[in-house]
Amino acid sequence: MPEVIVVGAGPVGLLMAGELRRHGVDVELLEQRTEPSPGTRAIGVHPPVLTALEGSGITEGLLEHAVRVGHGQARSRGRLLGTVRFDRLSARFPFVATLRSRHRGGPGALSAGAGARGSGHRAGLRR
Ligand SMILES: Cc1cc2nc3c(=O)[nH]c(=O)nc-3n(C[C@H](O)[C@H](O)[C@H](O)COP(=O)(O)OP(=O)(O)OC[C@H]3O[C@@H](n4cnc5c(N)ncnc54)[C@H](O)[C@@H]3O)c2cc1C
C-alpha cells in the first residue's frame, strides 16, 4: 500500500509525485488517460517552476534545450499593443524558458522523475 496516492499526471501531479519519490516517499500516481495528450499546455516555463524543479536537476536539463525569453510583444496588424517583460520576474531566472520540442526537457523529464510508466504509476481512478 503506497504512503501517498497522487491523482492526475498533469504538471502538478508529476512534480508532486517526483518530489515525494525523491524524498523517499512510497507514492502511487494515478492518471485517467492511457496515452499522453497530443497537444501542449505550456508555451513557457516560468521562474517559480524553474526554481521548484532545481532540486531534482530537471531545470539544468531543461535549460540546455530551452530558448530564454526575456520579453514578449503583443502586436495587431503590425501595431505594437504592448510589451511584457519577463526579465524582472526573478534575479535567478530573468526569463521564461520555452522549449522547441515537447519531447525534450520538460514533460518527459517530469514523467521520468515521477517514475511514470514504471512502478507506482498506473492509469486509473476517474470515478
Ligand atoms: C493553451 C494553454 C497554454 C498554456 N500555456 C502555459 C504556459 O506557457 N506556461 C504555464 O506555466 N502554464 C500554461 N498553461 C497553464 C498550464 O497548462 C496549467 O496551469 C497546468 O496544466 C495545470 O497543471 P495541473 O497538473 O494542475 O492540471 P492538468 O494539466 O489539467 O492535469 C490534470 C491531470 O489529471 C487527470 N485527471 C483529472 N481528473 C482525474 C481523475 N478523476 N482520475 C484520474 N486522473 C484525472 C487529467 O487527465 C490530467 O492529466 C497553459 C494552458 C493552456 C490551456
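The values are calculated or read from the model by the stated rules, or taken from the named source; none is laboratory data. A quick note: this is a predicted structure, and the numbers were derived from the prediction, not measured. Every residue, glycine among them, receives a Cβ derived from its backbone with ideal geometry; neighbour counts consider all protein chains shown. SASA here: full protein model, heavy atoms, side chains in, ligands and nucleic acids out. Shrake-Rupley method; radii C 1.70, N 1.55, O 1.52, S 1.80 Å.
Quick notes on this structure:
- Scanning segment 64-72 for any residue that is assigned to a loop (DSSP other than H, G, I, E, B), in the same structural domain as PHE93 (by TED's automatic domain parsing) and surrounded by 13 or more Cβ atoms within 10 Å (Cβ to Cβ) turns up nothing.
- Taken over segment 12-30, the criterion of being under 15 Å from MET1 (Cβ atoms), touching a residue at least 60 places away in the same chain (Cβ under 8 Å) and open to solvent by 30 Å² or more (accessible area, probe 1.4 Å) is satisfied by ASP26, GLU28.
- From the list THR40, THR51, the one residue that fits, being modelled with pLDDT under 90 and loosely packed, with under 15 Cβ neighbours inside 10 Å, is THR40.
- Residues of segment 2-17 satisfying the condition of being under 17 Å from ALA52 (Cβ atoms) and either in a helix (DSSP H, G or I) or more than 6 Å from the ligand (Cβ to nearest atom) (or both): VAL6, PRO11, VAL12, GLY13, LEU14, LEU15, MET16, ALA17
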